[in-house]
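Right, one structure below, let's go through it.
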There are 2 protein chains.
Amino acid sequence: MTTAGRRPLILNAGINSTGYSAKSWRAEGRPWDRFLDYDHYLEAAEIAHSGALDALFISDHPALQRDNTSRPIHSFDPLILFSALAANVPDIGFLLTASTGYNSPYNLARRLATLDHISGGRVVWNAVTSFNPDVAANFGRDSLPDRVERYRRASEFITVVKQLWSSWDARAEGFPRADGALWDDASARRIAHDGEFFHVQGPLNVPPGPQGYPLIAQAGGSEQGIDFAGRHADLIYAPLLSIGAARGYTSDVRERALAHGRDPQSIRFVPGLVPVIAETKAQARTLHERLNGHDGEESLIGALVRRLSPALDGLAAHDVVDPERLAPVPGQRGPVGFTRAFYDVARSERITLRELARRSEGGHRLVIGTPDDVVADLLEWWDTGVVDGFTLQLPVLPDDLRLFVDEVVPRLVRAGARLDHYPQRTLRERFDLPLAENTPQLT
Amino acid sequence: MTTAGRRPLILNAGINSTGYSAKSWRAEGRPWDRFLDYDHYLEAAEIAHSGALDALFISDHPALQRDNTSRPIHSFDPLILFSALAANVPDIGFLLTASTGYNSPYNLARRLATLDHISGGRVVWNAVTSFNPDVAANFGRDSLPDRVERYRRASEFITVVKQLWSSWDARAEGFPRADGALWDDASARRIAHDGEFFHVQGPLNVPPGPQGYPLIAQAGGSEQGIDFAGRHADLIYAPLLSIGAARGYTSDVRERALAHGRDPQSIRFVPGLVPVIAETKAQARTLHERLNGHDGEESLIGALVRRLSPALDGLAAHDVVDPERLAPVPGQRGPVGFTRAFYDVARSERITLRELARRSEGGHRLVIGTPDDVVADLLEWWDTGVVDGFTLQLPVLPDDLRLFVDEVVPRLVRAGARLDHYPQRTLRERFDLPLAENTPQLT
């Protein structure tokens, strides 16, 4: 607990590739191919640990990205990279992305449980359904299944995984028995799952670990995604671009949680946050333009208009954006979360096109300014109690993470919003999320 | 090279569970549940590293074993455990088992390639087809596919994996291009594999690492397995119970390699070896009995007869075993390698039932005696040049590995058969196995 008697503000940090900025691979003074160097990730992890950040995050698609000029994202497999980092860096958690579309429940349950043991209870599984057709083509599928099928499969997958995670109680009372038996059919139960997508006998060959089993994270923004998050997620990192939008989204998800019989307070919201920090606000704004390859605000605004075209066509920089221009399109194939975030912010406040171009980066919320500006922004959000923390996406790794840990984190600690150490052993304890008594059954 | 100008004797060490002995989980002075403790594996790995052993080995089945009184084997997932150990222990290799039956080529190729990068080129993939029906039932299969189908799938799997491993040359000349492109369709090629079992587009999102790509290990003993090993394996750890049997087996495999267009000398044979070491030979023999829960040689022999029944029924301890009693049964479902090893040893020498009971443990070759006895045995094999080294299976971990490293390894170094350090960076260099120029095509 903080001095204010609240749970500390959660801060996770994304460590994909060379940073969150598309041009981060070309940052001066750093090798372009550091995304293939383990020591690069280790350095980022150690910086994050020195600031007592809560967890490292890696998003993932098992395919080579189409854009061959942007930072080379999604190369090293997150399971492998995080297993290595867990052996080198103590305390910090690992928010690990793995697809329910392209793994099998037994292997993934076992791999996550193994890492949860080895790390001492520091794993969060970010369960994604994968919307990328190139991924489907790497796994024998001619086309991407539709969103409804993807989420139906995801929900069955996660239910099977949780059943497997609690299928073998290796330290059950009375074991090992005097006759030398390490388990029996009661302490190691078959789950005998026979569902639409999966047929899994069990039990799992790895018993529960220090935090029981891993936490579940989700970012769903579609109707299916929000329902899925309400049903399964412990941690949600959906993009939320204003406090008003965050209020609406978190309340929607908590309602779904309640409808699924869960405690609506048992979910932690940690939306994405992209800090662009410099010594003055003006310098930070210039840096923001340069990070995207622009030489001024006009060019920055033009890029946003082109990217969302035709939604914002014809607007001037000072025009307030009519939210209906950003309303989600039914049948959208890609991820709905980022589209919805734009729509929600325009509904929750009068935002001009110029402000919108400074509000989000790669879909997540931007905060541009001095370290004090960033601290003020984070504390303003924290004071409302609407979210529990943030998932940082630093423009250039590892340098911007160093800057954040050196300049922003100590101010948050002094303000009583963060601790400068790790008081709990497992991530479940740190996030105050007790293990559910019951394993979910398929409905 | 050794002082004798030869490649040093290869020594790998199995580190499954609590040791190779079925009763190893109950060893005095060690917690029974150390198979769930990362530090247990780390201690074993560090001992092996202190003896400059070449690689650690973990066999695997993704299922809880049926026998609930034997050491709890195959719990932690090898990919995860070895990724953590690679971050903590330098130099030593990782001989990692993963099934071609229950993984997808893209994920596995990517995970192994990632570990190969992170470890600096220290990965060997032990490609197994999995013969355990409980595994099939954990992955949605009602029954185990037959051996012919399993090996057909394995061969297609491994060919796809090798194509993926060489599909993206991230450091191709001219990249990154002046226009900012990190690759093009020539340096990152689709493999567009469309086969019987797999349909994979590619390219892989991880380029080749320090040793190009991982080595391949195999243990096949069946006709299909030997052909597969001759076609794909760099390292073979099949059980070989006598020098004569080893001569026959290695020459069979090299013939198959030649038939598949490979250099027959590009395969390293490292059969299993179970050392049971004590201060005197008599004490070592008693220890061997006790490790199996027997109180004398008679009980030990009786157990072998029961295990192979009816093959050896009615034989007395001093009777020479007629090899025809041990001839493989057509249509055998389980692994053929261990059965074949018994057959081959009885064909290659006149062996009594008593000697046979002291010749193998869990299928692999036993050597029972003082450290000097073990050294003499290893040097005798090494002098023949028939095999390249051994895959050690120590009865109780980590203690028997410590004993081996302290008492046997220094004598082998003094005899000029081993080095006491790691002169090469990658395992491929250490085993003198140049990367093939061409990626195999499906035939």
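Against the numbered list (1) open to solvent by less than 40 Å² (accessible area, probe 1.4 Å); (2) touching a strand residue (DSSP E or B) at 6+ places or on another chain (Cβ under 9 Å), A:Arg285 comes up short only at (1). Within the stretch A:412-427, residues that are without any contact (Cβ under 8 Å) to a residue 40 or more places away in the chain have Cβ atoms under 8 Å from residues that are surrounded by fewer than 16 Cβ atoms within 10 Å (Cβ to Cβ) in these pairs: A:Val413/A:Asp420, counting only partners at least 6 apart in sequence or on another chain. For the stretch B:156-172, does any single residue satisfy the condition of being over 30 Å from A:Leu108 (Cα atoms) and out of contact with any Cys (no Cβ under 8 Å at 6 or more places or on another chain)? Within the stretch B:156-172, one or more residues are over 30 Å from A:Leu108 (Cα atoms) and out of contact with any Cys (no Cβ under 8 Å at 6 or more places or on another chain).
Out of all the residues in the stretch B:114-129, which are more than 8 Å from chain A (Cβ to nearest Cβ) and under 20 Å from the mean Cα position of the chain (by Cα)? Quick ask: steps written out before the conclusion?
Looking only at the stretch B:114-129, we keep the residues that are more than 8 Å from chain A (Cβ to nearest Cβ), and these are B:116, B:119-129.
Within the stretch B:114-129, B:Asp116, B:Ser119, B:Gly121, B:Arg122, B:Val123, B:Val124, B:Trp125, B:Asn126, B:Ala127, B:Val128, B:Thr129 qualify.
Conditions tested, residue by residue: (1) at positive phi; (2) small (Gly, Ala, Ser); (3) open to solvent by 10 Å² or more (accessible area, probe 1.4 Å).
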position	(1), (2), (3)
A:Ser360	no, yes, yes
A:Pro371	no, no, yes
A:Leu378	no, no, no
A:Asp383	no, no, yes
A:Val386	no, no, yes
A:Thr391	no, no, no
A:Phe431	no, no, no
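Reported count of residues in the stretch A:87-100, each being open to solvent by less than 10 Å² (accessible area, probe 1.4 Å) and either more than 16 Å from the chain's Cα centre (by Cα) or away from chain B (no Cβ under 12 Å) (or both), is 6. The condition of being in a loop (DSSP other than H, G, I, E, B) and either within 11 Å of another protein chain (Cβ to nearest Cβ) or open to solvent by 30 Å² or more (accessible area, probe 1.4 Å) (or both) holds for only one of A:Asp39, A:Asp60, that being A:Asp60. Being in contact with a strand residue (DSSP E or B) (Cβ under 8 Å, 6 or more places away or on another chain) and modelled with pLDDT of 95 or more: is that true of A:Thr384 here? It is false that A:Thr384 is in contact with a strand residue (DSSP E or B) (Cβ under 8 Å, 6 or more places away or on another chain) and modelled with pLDDT of 95 or more. A:Arg254 meets the conditions (1) in a helix (DSSP H, G or I); (2) open to solvent by less than 30 Å² (accessible area, probe 1.4 Å); (3) touching a Pro at 6+ places or on another chain (Cβ under 6 Å); (4) under 24 Å from A:Asn12 (Cα atoms) in every case but one. The failed one is (2).
Across the stretch A:6-17, not a single residue is classified as outside any loop (DSSP other than H, G, I, E, B), basic (Lys, Arg), out of contact with any Asp or Glu (no Cβ under 7 Å at 6 or more places or on another chain) and more than 24 Å from B:Trp165 (Cβ to Cβ).
Of the residues making up the stretch B:17-33, those that are away from chain A (no Cβ under 12 Å) and either of a type outside the set (A, V, I, L, M) or open to solvent by less than 10 Å² (accessible area, probe 1.4 Å) (or both) number 7. Of all residues in the stretch B:193-222, those being part of a loop (DSSP other than H, G, I, E, B) and surrounded by fewer than 18 Cβ atoms within 10 Å (Cβ to Cβ) number 4. The residues on offer are A:Ala45, A:Ala55, and the sole one that is farther than 26 Å from A:Phe139 by Cα, within 14 Å of chain B (Cβ to nearest Cβ) and under 17 Å from the mean Cα position of the chain (by Cα) is A:Ala45. Here the stretch B:63-75 is the region considered, the condition is being open to solvent by 10 Å² or more (accessible area, probe 1.4 Å) and of a type in the set (A, V, I, L, M, F, W, C), and the residue that is nearest to the other protein chains (Cβ to nearest Cβ) is B:Leu64. For the list (1) open to solvent by 20 Å² or more (accessible area, probe 1.4 Å); (2) touching a strand residue (DSSP E or B) at 6+ places or on another chain (Cβ under 8 Å); (3) more than 7 Å from chain B (Cβ to nearest Cβ), I need the number of the one condition that A:Pro78 fails. Condition not satisfied by A:Pro78: (1).
Can you spot a residue in the stretch A:130-137 that is of a type outside the set (A, V, I, L, M), at positive phi, surrounded by fewer than 23 Cβ atoms within 10 Å (Cβ to Cβ) and at the interface with chain B (Cβ under 9 Å from one of its Cβ atoms)? No, the stretch A:130-137 has no match at all.
Scanning the stretch A:257-286 for residues that are assigned to a helix (DSSP H, G or I) and out of contact with any Pro (no Cβ under 8 Å at 6 or more places or on another chain) yields A:Ala259, A:Lys281, A:Ala282, A:Gln283, A:Ala284, A:Arg285, A:Thr286. Taking the condition in contact with a strand residue (DSSP E or B) (Cβ under 6 Å, 6 or more places away or on another chain) and among the polar types (S, T, N, Q), does B:Thr250 pass? Against the criterion (in contact with a strand residue (DSSP E or B) (Cβ under 6 Å, 6 or more places away or on another chain) and among the polar types (S, T, N, Q)), B:Thr250 qualifies. Entry remark, the stretch B:165-192: residues being more than 9 Å from chain A (Cβ to nearest Cβ) and open to solvent by less than 20 Å² (accessible area, probe 1.4 Å) number 3 in total.
Kindly establish whether A:Arg418 is within 20 Å of the chain's Cα centre (by Cα), of a type in the set (D, E, K, R), modelled with pLDDT of 95 or more and not in a helix (DSSP H, G or I).
Taking the combined requirement at face value, the residue satisfies it.
If you go through the stretch B:141-151 and keep only what is over 21 Å from the mean Cα position of the chain (by Cα) and either at pLDDT 95 or above or open to solvent by 30 Å² or more (accessible area, probe 1.4 Å) (or both), you end up with B:Arg141, B:Asp142, B:Ser143, B:Asp146, B:Val148, B:Glu149.
Here A:Ser242 meets each of (1) open to solvent by 10 Å² or more (accessible area, probe 1.4 Å); (2) more than 14 Å from chain B (Cβ to nearest Cβ); (3) touching a helix residue (DSSP H, G or I) at 6+ places or on another chain (Cβ under 9 Å) with one exception, condition (1). The residue that is farthest from A:Asp39 (Cα to Cα), counting only those in the stretch A:63-83 that are in a loop (DSSP other than H, G, I, E, B) and small (Gly, Ala, Ser), is A:Ala63.
Screening the stretch B:293-357 for helices (runs of 4 or more DSSP H) wholly inside it with 2 or more residues that are loosely packed, with under 13 Cβ neighbours inside 10 Å, among the β-branched types (Val, Ile, Thr) and in contact with a Gly (Cβ under 9 Å, 6 or more places away or on another chain) returns no ranges.
The values are calculated or read from the model by the stated rules, or taken from the named source; none is laboratory data. In this text, all values refer to a predicted model and were calculated from it rather than measured experimentally. Glycine gets a Cβ as well: all are built from the backbone with ideal geometry, and neighbour counts include every protein chain shown. These area figures cover heavy atoms from the full protein model, side chains too; ligands, DNA and RNA do not enter into them. Shrake-Rupley method; radii C 1.70, N 1.55, O 1.52, S 1.80 Å.
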